[in-house]
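Here's the structure we're looking at; comments come further down.
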Amino acid sequence: MIKRLVPGKRLSQATIHGNTVYLAGQVPDDYTGNVEAQAAQVLAKIDALLKDAGTDKTKMLSVTVWLPNMGDFAKFNTVWDAWVPKDAAPARACVEARLADPSIKVEIAVIAAIS
Amino acid sequence: MIKRLVPGKRLSQATIHGNTVYLAGQVPDDYTGNVEAQAAQVLAKIDALLKDAGTDKTKMLSVTVWLPNMGDFAKFNTVWDAWVPKDAAPARACVEARLADPSIKVEIAVIAAIS
Amino acid sequence: MIKRLVPGKRLSQATIHGNTVYLAGQVPDDYTGNVEAQAAQVLAKIDALLKDAGTDKTKMLSVTVWLPNMGDFAKFNTVWDAWVPKDAAPARACVEARLADPSIKVEIAVIAAIS
């Protein structure tokens with residue numbers, strides 16, 4: 001009934017239930033970049049997971065963004081705004097939170113519909 | 001397949017998928033009030049979005065509340081408790097997080113069912 | 001249309017809509033323990049709520065973990081890793097956030113499918 005993408009012992013990168021997919025909080029693979037570089041990596045990982053789930057960023061329903069430094073809000077949004085589909089933007093909340101590693105500058109979780 | 005309310009380039013204020021609606025994190029329009037005044041504004045915006053989605057606060061499923069100052073918890077709850085339907089309270093989590101503007105004293109995201 | 005578990009005036013401990021259940025943020029009953037003890041209590045409460053909803057931890061879709069001290073991340077994961085079903089781990093995000101009481105060391109919210 002539930003399909004899992006990249007299943008692991010601690011978490012799965014995505015779970016699919018009916019026509020909804022839930023992504024785990026995505027962080028960059030390379031923690032050394034600035035917030036723009038890390039955001040680009042995170043959004044690329046989201047694109048790939050959504051594709052594997054049989055959907056894409058035009059079907060996103062709800063997105064939660066965590067920034068450990070809210071001073072990065074404008075910089076993050078520059079990357080986000082260029083990536084998000086203009087006629088299909090999801091509901092979104094963006095709040096400040098320290099993340100699992102102090103070098104991570106952005107983490108994003110997504111709930112999306114599956115076409 | 002997905003209906004969006006108040007769609008924007010960065011985010012939509014709500015997305016509707018099947019019989020579920022996801023609201024973006026709602027913040028007050030006026031950042032100058034105290035937490036009670038800001039909470040009242042946020043809850044009024046939630047009422048309006050839920051109405052536009054064809055539902056209301058008695059159908060809320062899950063609510064996330066972010067307070068930048070957890071010292072406001074009791075004050076926020078005074079406003080919340082007066083607003084939430086007594087026999088139809090949603091699941092809720094309330095945690096502390098700095099928000100996009102340091103003057104914002106509360107942000108709330110909602111997932112609700114549509115009748 | 002919506003079934004609620006442990007309904008209260010402020011929140012319900014869980015809401016069921018269709019074949020999805022949303023749990024309120026779960027905190028321990030006893031705030032005096034260390035993070036491992038508190039995590040064990042929280043996970044036991046999740047088990048009990050999922051059971052009451054007609055499901056179990058193998059059907060979890062999305063989990064959000066809030067730790068007020070990210071320095072507890074490894075300790076929390078020791079308890080989590082022993083509890084989470086190995087072939088059925090949910091999507092998960094874990095971020096730092098101060099919680100309603102400064103003695104609470106972990107809060108967890110869950111979205112799960114119902115069999």
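Yes or no, residue by residue, for (1) part of a loop (DSSP other than H, G, I, E, B); (2) at pLDDT 95 or above; (3) over 30 Å from A:GLY71 (Cβ atoms):
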residue: A:LYS3; (1), (2), (3): no, yes, yes
residue: A:VAL6; (1), (2), (3): no, yes, yes
residue: A:THR15; (1), (2), (3): no, yes, yes
residue: A:TYR22; (1), (2), (3): no, yes, no
residue: A:ALA39; (1), (2), (3): no, yes, no
residue: A:ALA48; (1), (2), (3): no, yes, no
residue: A:GLY54; (1), (2), (3): yes, yes, yes
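Among what's in the stretch A:1-19 and is among the β-branched types (Val, Ile, Thr) and more than 7 Å from every other protein chain (Cβ to nearest Cβ), pick the residue that is nearest to C:TYR22 (Cα to Cα). Give the derivation first.
Keep residues of the stretch A:1-19 that are among the β-branched types (Val, Ile, Thr), which gives A:2, A:6, A:15-16.
Filter once more, keeping what is more than 7 Å from every other protein chain (Cβ to nearest Cβ): A:6, A:16.
Values: A:VAL6: 23, A:ILE16: 16 Å.
Selected residue: A:ILE16.
If B:GLY33 satisfies all but one of (1) in contact with a helix residue (DSSP H, G or I) (Cβ under 9 Å, 6 or more places away or on another chain); (2) in a strand (DSSP E or B), what's the number of the condition it fails?
With respect to (1) in contact with a helix residue (DSSP H, G or I) (Cβ under 9 Å, 6 or more places away or on another chain); (2) in a strand (DSSP E or B), B:GLY33 is out only on (2).
In the stretch A:1-19, what residues are over 15 Å from the mean Cα position of the chain (by Cα) and within 24 Å of B:MET1 (Cβ to Cβ)?
Within the stretch A:1-19, A:MET1, A:ILE2, A:LYS3, A:ARG4, A:ILE16, A:HIS17, A:GLY18, A:ASN19 qualify.
Does C:LEU99 satisfy being within 7 Å of chain A (Cβ to nearest Cβ), surrounded by 16 or more Cβ atoms within 10 Å (Cβ to Cβ) and outside any helix (DSSP H, G or I)? Steps first, answer last, please.
Details: within 7 Å of chain A (Cβ to nearest Cβ): no; surrounded by 16 or more Cβ atoms within 10 Å (Cβ to Cβ): yes; outside any helix (DSSP H, G or I): yes.
Considered against the rule, which asks whether it is within 7 Å of chain A (Cβ to nearest Cβ), surrounded by 16 or more Cβ atoms within 10 Å (Cβ to Cβ) and outside any helix (DSSP H, G or I), C:LEU99 comes out as no.
Looking at the stretch C:53-65, can you tell me whether even one residue there is in contact (Cβ under 8 Å) with a residue 60 or more places away in the chain and among the small types (Gly, Ala, Ser)?
At the first step, the residues of the stretch C:53-65 found to be in contact (Cβ under 8 Å) with a residue 60 or more places away in the chain are C:53-55.
Filter again for among the small types (Gly, Ala, Ser), leaving C:53-54.
Yes, that holds for at least one residue.
Conditions tested, residue by residue: (1) more than 23 Å from A:PRO68 (Cα to Cα); (2) buried (at least 17 other Cβ atoms within 10 Å of the Cβ); (3) of a type in the set (Ser, Thr, Tyr); (4) at pLDDT below 95.
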position: C:VAL79; (1), (2), (3), (4): yes, yes, no, no
position: C:VAL84; (1), (2), (3), (4): yes, yes, no, no
position: C:SER103; (1), (2), (3), (4): no, no, yes, no
position: C:ILE108; (1), (2), (3), (4): no, yes, no, no
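Need the failing condition index for C:ARG98 against (1) more than 21 Å from C:GLN13 (Cα to Cα); (2) in contact with a helix residue (DSSP H, G or I) (Cβ under 8 Å, 6 or more places away or on another chain); (3) without any contact (Cβ under 8 Å) to a residue 40 or more places away in the chain, just the number.
(1)
Pick from the stretch B:57-92 the residues that are part of a helix (DSSP H, G or I) and of a type in the set (Lys, Arg): which of them is nearest to the other protein chains (Cβ to nearest Cβ)?
Keep residues of the stretch B:57-92 that are part of a helix (DSSP H, G or I), which gives B:57-59, B:70-83.
When the remaining residues are screened for being of a type in the set (Lys, Arg), the result is B:57, B:59, B:75.
Numbers: B:LYS57: 12, B:LYS59: 6, B:LYS75: 13 Å.
My answer is B:LYS59.
Which one is farthest from the other protein chains (Cβ to nearest Cβ) among residues in the stretch C:104-115 that are more than 21 Å from A:MET1 (Cβ to Cβ) and touching a helix residue (DSSP H, G or I) at 6+ places or on another chain (Cβ under 9 Å)? Break it down into steps so the answer makes sense when it comes.
Of the stretch C:104-115, the ones more than 21 Å from A:MET1 (Cβ to Cβ) are C:104-109.
After this cut, where a residue has to be touching a helix residue (DSSP H, G or I) at 6+ places or on another chain (Cβ under 9 Å) as well, the list is C:104-108.
On the way: C:ILE104: 10, C:LYS105: 13, C:VAL106: 11, C:GLU107: 7, C:ILE108: 9 Å.
It comes out as C:LYS105.
Taking the stretch B:1-51 only, how many residues are of a type in the set (A, V, I, L, M, F, W, C) and within 13 Å of B:ILE111 (Cα to Cα)?
Step one: of the stretch B:1-51, the residues of a type in the set (A, V, I, L, M, F, W, C) are B:1-2, B:5-6, B:11, B:14, B:16, B:21, B:23-24, B:27, B:35, B:37, B:39-40, B:42-44, B:46, B:48-50.
Imposing the further condition that a residue be within 13 Å of B:ILE111 (Cα to Cα) reduces the set to B:14, B:16, B:21, B:23-24, B:46, B:49-50.
Qualifying residue count for the region: 8.
Under the condition of being surrounded by 15 or more Cβ atoms within 10 Å (Cβ to Cβ) and β-branched (Val, Ile, Thr), which residue from the stretch B:20-56 is nearest to the other protein chains (Cβ to nearest Cβ)?
Here the answer is B:THR20.
The values are calculated or read from the model by the stated rules, or taken from the named source; none is laboratory data. The model shown is predicted, which means the values in this text are computed figures rather than measured ones. Cβ sites come from the backbone with ideal geometry, for glycine too, and all protein chains shown count toward neighbours.
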